[in-house]
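Single-structure report; data block below.
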Amino acid sequence: MSARDQILASVRKSLGRGPLTGEAEAPARDRLAAPVRNLIPDRTAGRDRAGLVALLVEKCRETACSVDEVRDMSAVPSAVQSYLTRENLPARLTQAPAFGAGGDAPLDWTDTPTLEVATGGADGSEDTSLTPVLAAVAETGTLVLVSGSETPTGLNFLPETHIAVVRASQVVGPLEDAWTQLRGAGAIPRTVNLITGPSRTGDIEQKIQMGVHGPRRLHVIVVAD
Amino acid sequence: MQATSHRFKDNAHDALNDAVLQRALGNLKTGFQERRRHAVAGLPEFEGLCDEGRDLKNHVLTHLDYYLERFEEKVIEAGGHVHWCRTPAEAREAVLAICRERDAKTVTKGKSMVAEEIALNDFLEANGIEPVETDLGEYIIQLRKEPPSHIIAPAIHVTQEQIAEDFRRHHTDLDPNRPLDEPRDFTDEARQKLRDRYFQADVGITGANFLIAETGSTVIVTNEGNGDLTQLLGKTHVVVTSIEKIVPTLDDAATLLRLLARSATGQEMSVYTTFSTGPRRSADGDGPDGFHVILLDNGRSAMLGTEFQDMLRCIRCSACMNHCPVYAAVGGHAYGWVYPGPMGAVLTPSLIGVEEAGHLPNASTFCGRCEAVCPMRIPLPKMMRHYRMREFEKGLSPVKARWGLAVWTALATRPRLYQGMTKVAMAVLGRFGRLRGRFRSLPLAGGWTSVRDMPAPQGPTFQDLYRRRRGRS
């Protein structure tokens, strides 16, 4: 008997039954076939789009993100530039292929000529990355990012500074709404990152310190659409 | 790791006399307890979510075989592999085989308690593979060649001064006179030191907080981002985990995530919660090209259907140890194995036997705080009591304790004798203690009076007073 079969047999023996079939299997089978939502905190209930965006901004700031709000996508490049200037950061960044020419949402950088903009993945040499999100969860100020050809995961972790662009239409209430969206998009991507604030650790005497392996700064640009 | 749980009493004694350790443990209260209280107060639905979490895991445990099989199907569908392992030895061999296949020299590791349980690092080293811990706390204790003393803050027993010494001793290529005064100095140095290691690694090993049957995903919950760099930059991602971590759906994971970070660090969400499903897809810009899940049993399946089944609901948040007066006094190493505190006092004898770990369920005052803060509503004190009974039944408890219990039984089951004896004892103690109001030492109670005075009784027993007052009303 293989280790697999022995473990399964041991589980069944302890539970005092054989393999589940038919009726006995139904509660588990149904739960997987049609996932149901459990208790969802009231925090996001009854909020309209503007209310959800306001909560997202509040929650992002609570988790030590900085937030800028701009009117549309064309205002993103100048918002990026003023953020980098304000924070005294190098005037260069790597944007996700989604923002490059031929990407899902190309950005026009002609009005920010002093910024050095590369497009692609991360190899650890980048100072700052600029990425889109799949969704943003207002309940906890959590950004949902997925891996893909246009959104390499390294951009979310390797640079010291990560700038994420969130469109107001992408803001959802609870995490479950992001799951609905993800299921609608077909097979789950290799990596789904839920990111709530910049990297931190409490491993030195319980004192919170930002930026130990991942980005030290997480800046969120909310686009009104 | 080699268990020293049988030496708990000596370990605890040493810990209590370790001034440096006592200073480090002082951070527990302000760190974890206050933050958790604040986070729980901020979510009115918290208690309701605990009920749902308990019911959810109970459902999972009674359908565990079903969900494990579905999980495996989904992992394979996504191009990954599942390795079923009955014992730590099988799990170590499975990891080694993957490393050998990749001709691995270096593996990076995110924090994994199951990897500690199977003593993976020593085994890899013995086989010529260098394991590099990347979680800052784990990195520190790896430099110190120590086991973790806490399940989410493995270096909580170490002070900043000690870490500075360790860094200077090991990072010899850096300026020996560099400042190491602020926490920032340490995080910067660790960040710099570990960056290259991620890129060099042939295999990246992480644990898993949850496994999702619906999608075949493994989930890690971290704050540093090291677990993500580990799995992103290693050529192969190996997940070392155990069978009870499974949950049915993404929605079920959402429920447990609402409980986990709040109970652990007092955050609403940890910084990085990452769902990994199979290896990178053909169009992906980055990611590992292999995905392996090491699924360990190690005695867990045998806990099902017993009075210890509820322990398998544990989501390893550490709230129980963060609120335990015994843990706060002696720290994690005294428990002598991987899992300390109240959850360890139940899990350790379950996994390595009551013969080795029988002391641990006795290391409790039964104050009940662990159960009160447990988001999975695990009745920890009740299970510790079960283990005390087992220890007694197996004749493992010390002769003195057995003799004492026998005397107590003889007294307590004979009310007249009991009342007569307590009456005499209280009257005698009351008379002798009248002058000072307390005793510095007492025969048969030296252990108690060696560290505190015994207040003198006033004379009559409780039952006397009760009878008298009832007579009055």
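Screening the candidates A:ARG190, A:ARG200 for the property of being farther than 29 Å from B:ARG35 by Cα and modelled with pLDDT of 95 or more yields one hit, A:ARG190.
Just one of the listed residues (B:ASP251, B:ASP286) is at the interface with chain A (Cβ under 7 Å from one of its Cβ atoms), farther than 30 Å from B:GLU47 by Cα and among the acidic types (Asp, Glu), namely B:ASP286. Considering the stretch B:189-308, the qualifying strands (runs of 3 or more DSSP E), each wholly inside and each with 3 or more residues that are aliphatic (A, V, I, L, M), run over B:217-222, B:236-242, B:290-296. Confirm whether B:GLY305 is surrounded by fewer than 18 Cβ atoms within 10 Å (Cβ to Cβ) and in contact with a Gly (Cβ under 7 Å, 6 or more places away or on another chain). Yes, satisfied. Criterion applied to B:ARG178, B:ARG184 was being facing another protein chain (nearest Cβ under 7 Å), without any contact (Cβ under 8 Å) to a residue 24 or more places away in the chain and either over 26 Å from the mean Cα position of the chain (by Cα) or under 18 Å from A:PHE157 (Cβ atoms) (or both), and the one residue passing it is B:ARG184. Scanning the stretch A:116-153 for residues that are part of a loop (DSSP other than H, G, I, E, B) and in contact (Cβ under 8 Å) with a residue 60 or more places away in the chain, we see that the one that is nearest to the chain's Cα centre (by Cα) is A:GLY141. B:ILE163 meets all of the listed conditions (1) within 10 Å of chain A (Cβ to nearest Cβ); (2) modelled with pLDDT under 95 but one, namely (2).
Cβ-Cβ below 8 Å, separation at least six or inter-chain, first residue in the stretch B:1-14 and farther than 19 Å from B:TYR339 by Cβ, second crowded, with 17+ Cβ neighbours inside 10 Å: which pairs? Between residues of the stretch B:1-14 that are farther than 19 Å from B:TYR339 by Cβ and residues that are crowded, with 17+ Cβ neighbours inside 10 Å, the close pairs are B:ASP14/B:ALA334.
Any residue at all in the stretch B:346-362 that is free of Cβ contacts under 8 Å to residues at least 24 places away in the same chain and within 25 Å of B:CYS50 (Cβ to Cβ)? There is no residue in the stretch B:346-362 that is free of Cβ contacts under 8 Å to residues at least 24 places away in the same chain and within 25 Å of B:CYS50 (Cβ to Cβ). Quick one: is A:LEU84 among the aliphatic types (A, V, I, L, M), within 18 Å of A:GLU160 (Cα to Cα), over 19 Å from the mean Cα position of the chain (by Cα) and buried (at least 17 other Cβ atoms within 10 Å of the Cβ)? So A:LEU84 passes the test.
Considering the stretch A:204-225, and only residues there that are within 7 Å of another protein chain (Cβ to nearest Cβ) and crowded, with 23+ Cβ neighbours inside 10 Å, the residue that is farthest from B:LEU233 (Cα to Cα) turns out to be A:ILE204. Determine whether the stretch B:31-46 contains at least one residue that is in a helix (DSSP H, G or I), within 12 Å of chain A (Cβ to nearest Cβ) and surrounded by fewer than 17 Cβ atoms within 10 Å (Cβ to Cβ). Checked against the condition, which is being in a helix (DSSP H, G or I), within 12 Å of chain A (Cβ to nearest Cβ) and surrounded by fewer than 17 Cβ atoms within 10 Å (Cβ to Cβ), the stretch B:31-46 yields at least one hit. Restricting attention to the stretch B:9-25, does a residue exist that is facing another protein chain (nearest Cβ under 9 Å), surrounded by 17 or more Cβ atoms within 10 Å (Cβ to Cβ) and not basic (Lys, Arg)? Yes; the residues of the stretch B:9-25 include at least one that is facing another protein chain (nearest Cβ under 9 Å), surrounded by 17 or more Cβ atoms within 10 Å (Cβ to Cβ) and not basic (Lys, Arg).
When the residues of the stretch A:93-131 are narrowed to those that are of a type in the set (S, T, N, Q) and more than 13 Å from chain B (Cβ to nearest Cβ), which ends up surrounded by the most Cβ atoms within 10 Å (Cβ to Cβ)? Per the stated criteria, the residue is A:THR128. Put simply, of A:THR180, A:THR201 the only residue that is farther than 22 Å from B:LEU232 by Cβ, hydroxyl-bearing (Ser, Thr, Tyr) and at the interface with chain B (Cβ under 10 Å from one of its Cβ atoms) is A:THR180.
So which residues in the stretch B:295-323 are facing chain A (nearest Cβ under 8 Å), among the aliphatic types (A, V, I, L, M) and over 15 Å from B:ILE246 (Cα atoms)? Listed by number, the residues that qualify are B:ALA302, B:MET303. Of the helices (runs of 4 or more DSSP H) contained entirely in the stretch B:60-159, those carrying at least 1 residues that are within 21 Å of B:GLN2 (Cβ to Cβ) and either more than 8 Å from every other protein chain (Cβ to nearest Cβ) or not charged (D, E, K, R) (or both) fall at B:88-101, B:113-117, B:120-126, B:136-143.
Among the residues of the stretch B:199-208, count how many are surrounded by fewer than 24 Cβ atoms within 10 Å (Cβ to Cβ) and in contact (Cβ under 8 Å) with a residue 40 or more places away in the chain. Looking only at that region, the number is 2. So in the stretch B:254-283, with the set limited to residues that are touching a residue at least 24 places away in the same chain (Cβ under 8 Å) and among the basic types (Lys, Arg), which one is nearest to the other protein chains (Cβ to nearest Cβ)? Residue satisfying both the conditions and the ranking: B:ARG258. Restricting the stretch A:20-45 to residues that are exposed (fewer than 13 other Cβ atoms within 10 Å of the Cβ) and either closer than 20 Å to B:ARG258 by Cα or in contact with a Lys or Arg (Cβ under 7 Å, 6 or more places away or on another chain) (or both), the residue that is farthest from the other protein chains (Cβ to nearest Cβ) is A:ALA45. Taking A:PRO77 as the residue in question, decide whether it is over 29 Å from B:MET269 (Cβ atoms) and touching a residue at least 12 places away in the same chain (Cβ under 8 Å). For A:PRO77, the condition - over 29 Å from B:MET269 (Cβ atoms) and touching a residue at least 12 places away in the same chain (Cβ under 8 Å) - is met. Residues that are part of a loop (DSSP other than H, G, I, E, B) and without any contact (Cβ under 8 Å) to a residue 60 or more places away in the chain were ranked within the stretch A:161-190; the one that is surrounded by the fewest Cβ atoms within 10 Å (Cβ to Cβ) is A:GLY186. The set of residues in the stretch B:206-235 that are aliphatic (A, V, I, L, M) and facing another protein chain (nearest Cβ under 7 Å) comprises B:ALA213, B:LEU229, B:LEU232.
The values are calculated or read from the model by the stated rules, or taken from the named source; none is laboratory data. If you're wondering where the values come from, they're calculated on a predicted model, not measured in any experiment. When we count neighbours, we look across all protein chains shown, and the Cβ atoms used for this are built from the backbone with ideal geometry, even at glycine.
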